[in-house]
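The values are calculated or read from the model by the stated rules, or taken from the named source; none is laboratory data. Keep in mind that this is a model prediction, so the values were computed, not measured. All Cβ positions, glycine included, derive from the backbone under ideal geometry; neighbour counts span all protein chains shown.
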Amino acid sequence: MDLKDETPVLQFETPTSIMVCGPTNSGKTTFIKRLLENAPLMFKEVPSYIMYCYGVPSKEDLMEVRGDDTRHMICVLDDLLHDLANNRWSQELVCVSSHHLNVTVCLVGHNIYEKGKVMRTLSLNIHYYILFENRRDSEQILRFGRQVFPHKGKYFLDSFIKATSVSRYLTVDLNPKSEKLYSLRTRIFPGEDVIVFRPKHEEKTDEGQRIGFKISDGV
């Protein structure tokens, strides 16, 4: 099979930053596994290697692994948000070094609003959020929706409910290079029919259908 036939229409920009959030057993690990397995197709620049971390790597650790290689690299920081929230290096990594070193940073955690000195700055610079259902704390989803879509809170919440009922997660695309039309979507992996959520009264366009999306209207 030609890989081009399976390449998602909406690939992740490269390098970038991704935060995967949800409670235990929500599907985060499965999502990360699929993301890494399909990494050559999911990112605009194929990653040359992957660094998977269960502890916060120092700048020296990253540079030792990186060496003189300038090709795209993925760095996954698994369940480290609590440690990263007060770590100045993590802020530098996401906000500055990611771009300069051509490193995509993927943060995996339980709480969108982890408390810490650098967490707000760090979270404001995340380009993609992958949000899983949290029945114990729905308020953080509502709060996030109000911040990102201040006048379209219902649209965001309805999109989240529909997305999690279909595939357990909602992708929130805040990358400045991305079209706003495709900000909320799910089923993003190769071979899947991407579902894009749009506000009910938004002007219709056939662009999504033309390039292979399923548009969910009336949200």
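Results, tabulated for the structure shown:
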quantity: Boolean, Glu133 is out of contact with any Pro (no Cβ under 7 Å at 6 or more places or on another chain) and over 23 Å from Asp61 (Cα atoms); calculated: yes
quantity: Count of residues meeting criterion [of a type in the set (Ser, Thr, Tyr) and touching a Lys or Arg at 6+ places or on another chain (Cβ under 8 Å)] in the stretch 121-179; calculated: 3
quantity: Unmet criterion (only one of (1) modelled with pLDDT under 95; (2) among the hydroxyl-bearing types (Ser, Thr, Tyr); (3) closer than 18 Å to Ser26 by Cβ) for Ser123; calculated: (3)
quantity: Of all residues making up the stretch 188-208, the number that are under 24 Å from Asn38 (Cα atoms) and at pLDDT below 90; calculated: 1
quantity: Residue within the stretch 120-129 that is without any contact (Cβ under 8 Å) to a residue 12 or more places away in the chain, more than 18 Å from Pro23 (Cβ to Cβ) and not hydroxyl-bearing (Ser, Thr, Tyr) present; calculated: yes
quantity: Strands (runs of 3 or more DSSP E) enclosed by the stretch 1-88 - at least 1 residues per element that are in contact with a Cys (Cβ under 6 Å, 6 or more places away or on another chain) and surrounded by fewer than 20 Cβ atoms within 10 Å (Cβ to Cβ); calculated: 49-53
quantity: Unique residue being touching a residue at least 12 places away in the same chain (Cβ under 8 Å), hydrophobic (A, V, I, L, M, F, W, C) and under 23 Å from Glu13 (Cβ atoms) when the list is Val166, Val194; calculated: Val194
